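The values are calculated or read from the model by the stated rules, or taken from the named source; none is laboratory data. Given the structure is predicted, the values throughout are model-derived calculations rather than measurements. Cβ coordinates were reconstructed from backbone atoms using ideal geometry, including for glycine residues, and neighbour counts include every protein chain displayed.
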Amino acid sequence: MARRRFPVTAYCLRSLARGAVHHAAADGEALFDSARAAWPVHEPELVFQPDHARHSRSGAISMHLSARVCPGRSYSRGSRSCVSYRLVGGLCALLALLLVVRRPFMQARWKAVGEVALIVVLAAAAQLALNDFLYGEPSLNGDRPPFLMARIIADGPGRWYLEQHCPEVKFAICDHVHDLPSDPDIFLWGANGIWQNTDDESAQRLSQEEMPFVLATLRAYPRQQLTKSAIAFWQQLAVFGLYDLDASDVILDEFDSVFPGARAHYLQSRQAQNTLPLEFFTSVGNWTAIFSLVVICAVAPFLWRKRSARLVGLSVVIVSTVLANALVTGPLSMVEDRFQSRIIWLSSFLAGLFVMVWLDRRHHPGGEGTLPRET
């Protein structure tokens, strides 16, 4: 005898749909009778039916109701009843979605999807909280300078476009067309840079006109900009030092607004006094990254014959993360050591996993080892 399950959700949704139809208008009974014609069984009868019969019957009911709701003026007395009928259709669509999700092959994947979604939600919440703390307003972007504008001007195509089209386009950046810097860092943060010496109204215009300017430049010089972006991507991928951790006047200027009262403690730190061994730790990081790549390339062939889906998946995630980080920082902002140094440790982490799996398989030659064993 086939095992019977109890779709309580389906029963509740149908009850809710019935209530919505009755509440829609005085002639709600007409639509409900239509639903009853498509669904002649009673609720308990459907609840205790086998899965295949219940799924086919609920699919037919959903299709029938979506065809009958709000067909014209036959069953509606205004927009309110039509909206309620559409609510019924939406509930039927939700019911169909829940029936699909409840299938065994979807349940096995739903937990993993939920875990990834939870990570994304937590990251977004952390970003919102940080921007709320720094700028007084929750936002995913914060008070973002025009990074793309600075990058595309420094690359050259943006400068060429402004020199040729400023008389007709009238962008705010055209006021500085004769003193455009060739370094995005100077454009954004230099003492004499454009962004640091722009009033609030002009800064707002620069931000609003950033994307139209970038798109116009890409249409005018697509090949030249693509070449420049590819070079910046490769440069960013290869630099991950710690040189940006030296003393900075910008940090000192922000202490009073971000960390009130902590300026004195910072001035006593090794960073503020420029005594951190940045050169030594940068060399250690560079050689560690190189060694990790060598280890991965050396061990991977031994793991390929009995490769683990988990290890392959993790490798794809780490490699894509390292590449994506270089892609969205170097070409879209500027090439800086600190950008890639944030995630380069993932290569060493992956190399360590490769070694542990290889050693585990050497001690358990008849099996796949502890880490890669699938369930």
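Among the residues of segment 196-203, is any polar (S, T, N, Q) and either in contact with a Gly (Cβ under 7 Å, 6 or more places away or on another chain) or not in a helix (DSSP H, G or I) (or both)? Yes: segment 196-203 contains one or more residues that are polar (S, T, N, Q) and either in contact with a Gly (Cβ under 7 Å, 6 or more places away or on another chain) or not in a helix (DSSP H, G or I) (or both). The residues of segment 289-338 that are among the aliphatic types (A, V, I, L, M) and under 30 Å from TRP189 (Cβ atoms), listed by number, are ALA289, VAL322, LEU323, ALA324, ALA326, LEU327, VAL328, LEU332, MET334, VAL335. All conditions in (1) of a type in the set (S, T, N, Q); (2) surrounded by 13 or more Cβ atoms within 10 Å (Cβ to Cβ); (3) not in a helix (DSSP H, G or I) hold for SER229, with the sole exception of (3). Only one entry of LEU311, LEU303 meets the criterion of being touching a Pro at 6+ places or on another chain (Cβ under 6 Å), in contact (Cβ under 8 Å) with a residue 40 or more places away in the chain and more than 18 Å from ARG342 (Cα to Cα), and that entry is LEU311. Among the residues of segment 259-283, just one is surrounded by 12 or more Cβ atoms within 10 Å (Cβ to Cβ) and β-branched (Val, Ile, Thr), namely THR282. Taking the condition within 26 Å of TRP189 (Cα to Cα) and without any contact (Cβ under 8 Å) to a residue 60 or more places away in the chain, does VAL284 pass? Considered against the rule, which asks whether it is within 26 Å of TRP189 (Cα to Cα) and without any contact (Cβ under 8 Å) to a residue 60 or more places away in the chain, VAL284 comes out as no. For segment 234-244, the condition of being assigned by TED's automatic domain parsing to the domain that holds ARG338 and under 25 Å from VAL335 (Cβ atoms) holds for none of the residues. For residues that are in contact (Cβ under 8 Å) with a residue 40 or more places away in the chain and of a type in the set (Val, Ile, Thr), scanning just segment 196-226, find the one that is surrounded by the fewest Cβ atoms within 10 Å (Cβ to Cβ). Filtering segment 196-226 for residues that are in contact (Cβ under 8 Å) with a residue 40 or more places away in the chain and of a type in the set (Val, Ile, Thr), the one surrounded by the fewest Cβ atoms within 10 Å (Cβ to Cβ) comes out as VAL214. Residue under question is VAL335, and the condition is that it be buried (at least 18 other Cβ atoms within 10 Å of the Cβ) and either out of contact with any Gly (no Cβ under 9 Å at 6 or more places or on another chain) or under 30 Å from GLY156 (Cβ atoms) (or both); does it hold? Yes; evaluated as a whole, the condition is true for this residue.
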